[in-house]
Each structure stands twice: as C-alpha cells, then as structure tokens.
1. Could you please let me know if residue 154 is touching a Phe, Trp or Tyr at 6+ places or on another chain (Cβ under 9 Å), at pLDDT 85 or above and either open to solvent by less than 40 Å² (accessible area, probe 1.4 Å) or aliphatic (A, V, I, L, M) (or both)?
2. Looking at (1) aliphatic (A, V, I, L, M); (2) surrounded by fewer than 19 Cβ atoms within 10 Å (Cβ to Cβ); (3) closer than 27 Å to residue 24 by Cα, which is the only condition residue 69 fails?
3. From the list 134, 138, 114, which residue is under 13 Å from the mean Cα position of the chain (by Cα), of a type in the set (Ser, Thr, Tyr) and open to solvent by less than 60 Å² (accessible area, probe 1.4 Å)?
4. If I go through segment 103-121 residue by residue, how many of them are at pLDDT below 90, under 21 Å from residue 39 (Cβ atoms) and assigned to a loop (DSSP other than H, G, I, E, B)?
Amino acid sequence: NKVGKAWFYSSIFFSLWSLGLAGVTLSSTAQTALNWQYLLDVSAIFLPCFYLIFILELLNIQKFFIRYLFFTLAFLLALFSFSPLFKQGMTMIYDFYWIDPGQYYVVFPTYFMSFALITLGLLIQQYFKADKGSIIRSQARNTLIAGTFAYFGGVTNFFPQLFSVYPYGNYLVIFYI
C-alpha cells in the first residue's frame, strides 16, 4: 500500500544517511570524507521529504501539490549541496572529518527544521483530532515519538559546523527505527 511504500523510501534514505555518516566519520582523508559527505547530504536532504510523504500517507492527507513542491525543493537543494556555497570542503573536528560550511549552508538547517515542524505539527494535530482509543491516534502518537527522536538527533548534525558542539544526538536517531 501507499503507506508501506512511503515508509520504504523513507527507510532507504535513512539507511543511506547512516551509511554516509559512518563513511564520513571513519574516513582517513579529507577527500574520502568529502565523497561520503555528498552521500550524507543528498540522503539527509531527501530523508525529511520522504518522511513527510510517509506522514501524509499515514494521515491520509491528499495534498499532492505540497508533495511535489517539497520534492522539487529537495531536488534543488540536493543539486546545491555540491556547490562550494553549500560546503567548502571538510575539516578535522573531534578526531573525525566534518563539513566546512559554505556561505549559504544555513539553508540546509532551515530546510531540515521546516520539515521537522511541519511533520511533527501534522502528527500533533492528528493526535488531538482523533478519537481517544482509535488506531490513528495511537499511530500518530507513536510516530510522533519516533519522529521527535529522529529530528532531534538529526538536527545535532548541524552543531559541529554551526556551534562547535559534538553531534551527540546522532545516537538518538536509532530510536527512530
């Protein structure tokens, strides 16, 4: 069904993000880390988009214009992620390589947080709208809890380049699964 397919695509990009993150942090050279970072960035850009599509399917929200708008936005941002305006390269932080942000890197955390607010907001709205004891209310609650862990953990990926703080939240993302 459509919910299962949407979850599948979201999971594929989550897996690619995880692979990219592992590749970046385990790299022994800046160039190898940068190559992994490209995978990390593209998957991290599409992951919230496909997660939003999953949420829209789960909640049976048929706003196809929103889907195409956000997918187009994700595609354009993914292309932009290869630009030196997005990232200038890699730098050693906390004994592993991490992105050296470009002038317009702030677009990415803004994009990520926008998706977080939209998806979590839709789940909160559904939770309070649904009848007590209903399946959709339980699904909204459980997905909200998982999504909160995922977004909180994911947002800490921006900490090293924006605030010089270790991304401890990455370990919380495992609870998303």
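1. Numbers: touching a Phe, Trp or Tyr at 6+ places or on another chain (Cβ under 9 Å): yes; at pLDDT 85 or above: no; either open to solvent by less than 40 Å² (accessible area, probe 1.4 Å) or aliphatic (A, V, I, L, M) (or both): yes.
In short, no.
2. The number of the failed condition is (3).
3. 114
4. Matching residues across segment 103-121 total 1.
The values are calculated or read from the model by the stated rules, or taken from the named source; none is laboratory data. Just so you know, these numbers come straight off a predicted model, no measurement behind them. Counting neighbours? That spans all protein chains shown, and the Cβs are built from the backbone with ideal geometry, glycine included. Accessible surface areas use protein heavy atoms only, side chains included; no ligands, DNA or RNA. Shrake-Rupley method; radii C 1.70, N 1.55, O 1.52, S 1.80 Å.
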